[in-house]
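Peer 1: There's a structure below that I have some questions on.
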């Protein structure tokens, strides 16, 4: 196997060397002034990235743990919740709420579909759910939903929105307060350019209000305990101190670049990846639109196995892209371009895809993918 | 403030440079062969440290999250559980089970007491609890309980033991299988010499059996989901890949040293710390016995404030020790000597304590603490 590695999955994502270096600093005590300064800065920086003035809670857990905190703090056993699902993560939140004994109603689409505000309004009318689960970026399909429109429908109905923004926050626009999103969950390991191990959850005043009457049992993920500790400033339990330090460095880099610049970069990377794929005559699975700036899902030419392609990329060239699912698993592969990624990561992926596909018998004009990608990128950043 | 730092708390603990370096390696994908090799090795190495042939489950969470997995996988709402408590952590597990709606019975001691097998047998008889929470090393007081004897009583009664071994596993002897302990919980950040962020849970066949009828809701901490994923080998959710790599390096170092050697080293460090404190005429709060090999709790001379001492150590010399609790908080301080610690860390702590205490008016003959500590250490390792 090649010794050099290229991580182009939709998460975990590559991490800047400064962030890895921060994570390698000696361990410090979580109740002392050295760590407190880092924690205070991280919580402030998270608010800037979330575009919120409300609380952002920090948990030592994966993003799934962060989402679970929303379930147990907002809901009661048997309570109706509406889960909007069009892929793997939507289905995970459905299963999670069911495991907690909630009455889970669904607005369920085929994988790869884009949830529509009208459908949501109708299902909210039918179910009278007071809590709605939304997925911003469905990494399993590459679809980024219009959470602004969906969130507005939820608000209109007087319900609370819980948004899975694990792979989107920091990559595509998300305005927690301005869009009236009640709970937004993300993780450290995607656009926030930090190793996995931390989850973050913003909580609106309305969500705090609802949490006071929610009776599902909770301890580790209890919001109130977490907020009280963060106010000290402190954490309720021993946090992943090294990863918090890494996050501090990463958020510094992200805010230095500027949130809008980072989002524009992701739009340009998405355009480049799609242009390259199309130039190679590959069919796009994720929508060909600017919101698809997180991960590009692509179909192999008919008769060429996507798993074989992925294994060749990985085992011969050290390039990791993600696979597909369901009845098109044998033709789907996904290139992540989230976080610490530039256009040459995208062209590396496209180059290797071209190389392997041609070997596997595809009819692709050599070099067209990279050329088209660079052209699209240049046009995007010139504007 | 001094720029050099000495971390002498009972956790997080200092981490070897090799472990920090491993944590700084580039992020890899959690579903690829690079990570799978690390995961398989870590799970095998954990079994060696746990001294078990059964499953050890890995969670991205603090040790508290690991303990919560035992609560939600073993218990049903309203079910009786017996919590043995003689300090902060025992009380935490009591509160946790209460938050989950269990009928929590207690065997409760004054903080600093050592739980006794006879008391436990009596309370088990009275309560008929089928699940018992035990704390191996109560870091808030420095007491290490005789978990072998306590576990035997639990087994005798046909109940299941859940052992908080967060600060003990790897430092003091713990024989998961030979002592018949059903569930043993630990974290990465103590004797396992890794930054915080991972929790581990061993599960006996009897505990698996009980988990099948336990009806508390669970998703993130679900044992069966976790075991199934680990069997792939995989993880149910994105794990803290960098911390798992760090753990791999740390477990390698621990097993290279040898578990018994590491335990003997902790005994020697405990003796050294106690001998030093006694030579300075300081009163020990934690028992003066070899099992107290994790953290030494010490009282300041009457009239000298322990918080003032701790702040001086920290702010003037960069030395972090832990504080006390309750009605003796103003006289208690705790020196951790867990994991990547040698005798010179202990003498550094004692030297600085001497320096500050003398300044604060204590009558201590200069140098006697360090001399006694080295002597005790030498005698211990010579045997």
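The values are calculated or read from the model by the stated rules, or taken from the named source; none is laboratory data. Because the structure is a prediction, the values reported are computed rather than measured. When we count neighbours, we look across all protein chains shown, and the Cβ atoms used for this are built from the backbone with ideal geometry, even at glycine.
Peer 1: Please enumerate the residues belonging to the range A:21-30 that are surrounded by 21 or more Cβ atoms within 10 Å (Cβ to Cβ), at the interface with chain B (Cβ under 7 Å from one of its Cβ atoms) and not in a loop (DSSP other than H, G, I, E, B).
Peer 2: Within the range A:21-30, just A:23 meets the criteria.
Peer 1: So which residues in the range A:319-335 are out of contact with any helix residue (DSSP H, G or I) (no Cβ under 9 Å at 6 or more places or on another chain) and either at the interface with chain B (Cβ under 10 Å from one of its Cβ atoms) or within 28 Å of residue A:262 (Cβ to Cβ) (or both)? Lay out the reasoning, then the answer.
Peer 2: Going through the range A:319-335, the residues out of contact with any helix residue (DSSP H, G or I) (no Cβ under 9 Å at 6 or more places or on another chain) turn out to be A:326-327, A:334.
Matches in the range A:319-335: A:334 only.
Peer 1: Taking residue B:3 as the residue in question, decide whether it is over 22 Å from residue A:242 (Cβ atoms) and either part of a loop (DSSP other than H, G, I, E, B) or within 14 Å of chain A (Cβ to nearest Cβ) (or both). Can you show your working first?
Peer 2: Values: over 22 Å from residue A:242 (Cβ atoms): no; either part of a loop (DSSP other than H, G, I, E, B) or within 14 Å of chain A (Cβ to nearest Cβ) (or both): yes.
In short, no.
Peer 1: If the requirement is being out of contact with any strand residue (DSSP E or B) (no Cβ under 8 Å at 6 or more places or on another chain) and closer than 22 Å to residue B:367 by Cα, which of these qualifies: B:297, B:312?
Peer 2: Working: B:297 fails: out of contact with any strand residue (DSSP E or B) (no Cβ under 8 Å at 6 or more places or on another chain).
Answer to the selection: B:312.
For (1) more than 27 Å from residue A:37 (Cβ to Cβ); (2) more than 14 Å from chain B (Cβ to nearest Cβ), each residue gets a yes or a no:
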residue	(1), (2)
A:190	no, no
A:204	yes, yes
A:216	yes, no
A:229	no, no
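Peer 1: Also: Which residue, of B:264, B:240, B:275, is in contact with a helix residue (DSSP H, G or I) (Cβ under 9 Å, 6 or more places away or on another chain), within 14 Å of chain A (Cβ to nearest Cβ) and modelled with pLDDT of 95 or more? It would help to see each step written out before you state the result.
Peer 2: On the way: B:264 fails: within 14 Å of chain A (Cβ to nearest Cβ); B:275 fails: within 14 Å of chain A (Cβ to nearest Cβ).
Unique residue meeting the criteria: B:240.
Peer 1: Something else about it: Would it be correct to say that residue B:286 is part of a loop (DSSP other than H, G, I, E, B) and within 14 Å of chain A (Cβ to nearest Cβ)? If you could, list the steps in order and put the result at the bottom.
Peer 2: Numbers: part of a loop (DSSP other than H, G, I, E, B): yes; within 14 Å of chain A (Cβ to nearest Cβ): no.
Answer is no for this residue.
Peer 1: Next question. Answer yes or no: is there a residue in the range B:333-343 that is on the phi > 0 side of the Ramachandran plot and touching a residue at least 60 places away in the same chain (Cβ under 8 Å). Even if it seems obvious, please write down each step before you answer.
Peer 2: Of the range B:333-343, the ones on the phi > 0 side of the Ramachandran plot are B:339.
Filter once more, so that each one left must be touching a residue at least 60 places away in the same chain (Cβ under 8 Å): B:339.
Checked the range B:333-343: at least one residue is on the phi > 0 side of the Ramachandran plot and touching a residue at least 60 places away in the same chain (Cβ under 8 Å).
Peer 1: Regarding the range A:202-220, can at least one residue be identified that is at pLDDT 95 or above and under 13 Å from residue A:46 (Cβ atoms)?
Peer 2: Kept after step one, since they are at pLDDT 95 or above, are these residues of the range A:202-220: A:202-220.
After this cut, where a residue has to be under 13 Å from residue A:46 (Cβ atoms) as well, the list is A:202-203.
Within the range A:202-220, one or more residues are at pLDDT 95 or above and under 13 Å from residue A:46 (Cβ atoms).
Peer 1: Would you say residue B:336 is surrounded by 15 or more Cβ atoms within 10 Å (Cβ to Cβ) and not assigned by TED's automatic domain parsing to the domain that holds residue B:145? Explain how you work it out, then say what you get.
Peer 2: Details: surrounded by 15 or more Cβ atoms within 10 Å (Cβ to Cβ): yes; not assigned by TED's automatic domain parsing to the domain that holds residue B:145: yes.
Against the criterion (surrounded by 15 or more Cβ atoms within 10 Å (Cβ to Cβ) and not assigned by TED's automatic domain parsing to the domain that holds residue B:145), residue B:336 qualifies.
Peer 1: OK, next. Exactly one of (1) in a loop (DSSP other than H, G, I, E, B); (2) buried (at least 20 other Cβ atoms within 10 Å of the Cβ) is unmet by residue A:178. Its number?
Peer 2: Residue A:178 satisfies every listed condition except (2).
Peer 1: Follow-up question, since we're still on this one. Tell me which of these residue B:250 doesn't satisfy, since it passes every other one: (1) touching a helix residue (DSSP H, G or I) at 6+ places or on another chain (Cβ under 6 Å); (2) within 12 Å of chain A (Cβ to nearest Cβ); (3) surrounded by fewer than 17 Cβ atoms within 10 Å (Cβ to Cβ).
Peer 2: (3)
Peer 1: Please go through the range B:299-332 and give me each residue that is more than 18 Å from residue B:86 (Cβ to Cβ), crowded, with 18+ Cβ neighbours inside 10 Å and under 25 Å from the mean Cα position of the chain (by Cα), ordered by number.
Peer 2: B:300, B:306, B:309, B:310, B:313, B:314, B:319, B:320, B:321, B:331
Peer 1: Among (1) assigned to a helix (DSSP H, G or I); (2) more than 10 Å from chain A (Cβ to nearest Cβ); (3) touching a residue at least 24 places away in the same chain (Cβ under 8 Å); (4) closer than 25 Å to residue A:17 by Cβ, which single condition is residue B:37 missing?
Peer 2: Unmet for residue B:37, out of (1) assigned to a helix (DSSP H, G or I); (2) more than 10 Å from chain A (Cβ to nearest Cβ); (3) touching a residue at least 24 places away in the same chain (Cβ under 8 Å); (4) closer than 25 Å to residue A:17 by Cβ: (3).
Peer 1: Ok, one more. Got a sec? Which of A:92, A:51 is within 24 Å of residue A:144 (Cα to Cα), within 12 Å of another protein chain (Cβ to nearest Cβ) and surrounded by fewer than 24 Cβ atoms within 10 Å (Cβ to Cβ)? Talk me through it step by step, then tell me what you get.
Peer 2: On the way: A:51 fails: within 12 Å of another protein chain (Cβ to nearest Cβ).
That would be A:92, the only listed residue that is within 24 Å of residue A:144 (Cα to Cα), within 12 Å of another protein chain (Cβ to nearest Cβ) and surrounded by fewer than 24 Cβ atoms within 10 Å (Cβ to Cβ).
Peer 1: Moving to a separate point now. In the range B:253-265, what residues are part of a helix (DSSP H, G or I) and under 19 Å from the mean Cα position of the chain (by Cα)? So that I can check it myself, show each step before the final result.
Peer 2: Filtering the range B:253-265 down to residues part of a helix (DSSP H, G or I) leaves B:253-257, B:259-265.
B:253, B:254, B:255, B:259, B:260, B:261, B:262, B:263, B:264, B:265 - these are the residues of the range B:253-265 that are part of a helix (DSSP H, G or I) and under 19 Å from the mean Cα position of the chain (by Cα).
Peer 1: Of the residues A:61, A:70, A:98, which is in contact with a strand residue (DSSP E or B) (Cβ under 6 Å, 6 or more places away or on another chain), within 14 Å of another protein chain (Cβ to nearest Cβ) and without any contact (Cβ under 8 Å) to a residue 12 or more places away in the chain?
Peer 2: A:98 is the lone residue from the list that is in contact with a strand residue (DSSP E or B) (Cβ under 6 Å, 6 or more places away or on another chain), within 14 Å of another protein chain (Cβ to nearest Cβ) and without any contact (Cβ under 8 Å) to a residue 12 or more places away in the chain.
Peer 1: Can you pull out the residues in the range B:130-154 that are surrounded by fewer than 24 Cβ atoms within 10 Å (Cβ to Cβ) and touching a strand residue (DSSP E or B) at 6+ places or on another chain (Cβ under 7 Å)?
Peer 2: Correct list: B:130 only.
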